[in-house]
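Novice: Here it is, the structure, as structure tokens.
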């Protein structure tokens, strides 16, 4: 009796294998499909990706471009039926773009306007992305812990985080 029950479970689950997941990061957009593209997200792979964010915002009124790229990657994988494991996508921020990790109140206090990356941070975190700030940048800017958005993890330093995650098999995407 065990074999037929297992077979039935597989038949019921089979249609879901090829289905896309819901868009996990709506505000990041989803790349347009390219029919016949050589490389697309692969359900057989275990994705481990680290976004190294150190470049300033190109447009200070918009969410940081690399945060949007991370969200776009998650949306592209979801559109192709791939759901990375929680915490398999990490974002490490250091230097100039640190302000993207502040609460609205702290951003208003320091820059006179709400954090344009706040909603995107919340969507990324809800999708299972690990968002980290370099502790040395944090100290250099004089932030208080309560100024950081609650989804942000405070690490010792970006170089250690990047080295540790690379040693765990994460590929690195640097911002541009």
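Novice: Can you find, within the stretch 110-121, the residue that is nearest to residue 82 (Cα to Cα) among those that are outside any loop (DSSP other than H, G, I, E, B) and over 10 Å from the mean Cα position of the chain (by Cα)?
Specialist: 119
Novice: Which pairs turn up if I take residues in the stretch 72-92 that are at positive phi and in contact (Cβ under 8 Å) with a residue 12 or more places away in the chain and look for partners that are surrounded by 19 or more Cβ atoms within 10 Å (Cβ to Cβ) and not in a loop (DSSP other than H, G, I, E, B) with beta carbon separation below 7 Å, at least 6 apart in sequence or on another chain?
Specialist: 87/130
Novice: One residue is enough: does the stretch 150-170 have a residue meeting the conditions in a helix (DSSP H, G or I), out of contact with any strand residue (DSSP E or B) (no Cβ under 7 Å at 6 or more places or on another chain) and farther than 18 Å from residue 49 by Cα?
Specialist: No, because not a single residue in the stretch 150-170 is in a helix (DSSP H, G or I), out of contact with any strand residue (DSSP E or B) (no Cβ under 7 Å at 6 or more places or on another chain) and farther than 18 Å from residue 49 by Cα.
Novice: Further question on the same structure: Need the failing condition index for residue 112 against (1) without any contact (Cβ under 8 Å) to a residue 12 or more places away in the chain; (2) buried (at least 17 other Cβ atoms within 10 Å of the Cβ), just the number.
Specialist: Against the list (1) without any contact (Cβ under 8 Å) to a residue 12 or more places away in the chain; (2) buried (at least 17 other Cβ atoms within 10 Å of the Cβ), residue 112 comes up short only on (2).
Novice: Examine the stretch 162-174 for a residue that is at pLDDT below 95 and under 15 Å from the mean Cα position of the chain (by Cα), and state whether such a residue exists.
Specialist: Within the stretch 162-174, one or more residues are at pLDDT below 95 and under 15 Å from the mean Cα position of the chain (by Cα).
Novice: Please find, among 81, 112, the residue that is closer than 27 Å to residue 31 by Cα and out of contact with any helix residue (DSSP H, G or I) (no Cβ under 6 Å at 6 or more places or on another chain).
Specialist: Testing whether each residue is closer than 27 Å to residue 31 by Cα and out of contact with any helix residue (DSSP H, G or I) (no Cβ under 6 Å at 6 or more places or on another chain) leaves just 81.
Novice: Counting just the residues of the stretch 59-73 that are in contact with a helix residue (DSSP H, G or I) (Cβ under 6 Å, 6 or more places away or on another chain) and part of a helix (DSSP H, G or I), which one comes out nearest to residue 29 (Cα to Cα)?
Specialist: It comes out as 72.
Novice: Among the residues of the stretch 27-48, write down those that are touching a helix residue (DSSP H, G or I) at 6+ places or on another chain (Cβ under 7 Å) and either modelled with pLDDT of 95 or more or farther than 17 Å from residue 80 by Cβ (or both).
Specialist: 27
Novice: Here is a follow-up. Identify, please: which residue in the stretch 74-109 is part of a strand (DSSP E or B) and more than 11 Å from the chain's Cα centre (by Cα) and is, among those, surrounded by the fewest Cβ atoms within 10 Å (Cβ to Cβ)?
Specialist: 102
Novice: Conditions first: (1) in a helix (DSSP H, G or I); (2) over 23 Å from residue 42 (Cβ atoms); (3) at pLDDT below 95. Residue 140 passes all but one, so which condition is the exception?
Specialist: Tallying (1) in a helix (DSSP H, G or I); (2) over 23 Å from residue 42 (Cβ atoms); (3) at pLDDT below 95, residue 140 fails exactly one: (3).
The values are calculated or read from the model by the stated rules, or taken from the named source; none is laboratory data. All values reported here derive from a predicted model rather than from experimental measurement. Positions of Cβ are backbone-derived with ideal geometry, glycine not excepted, and every protein chain shown enters the neighbour counts.
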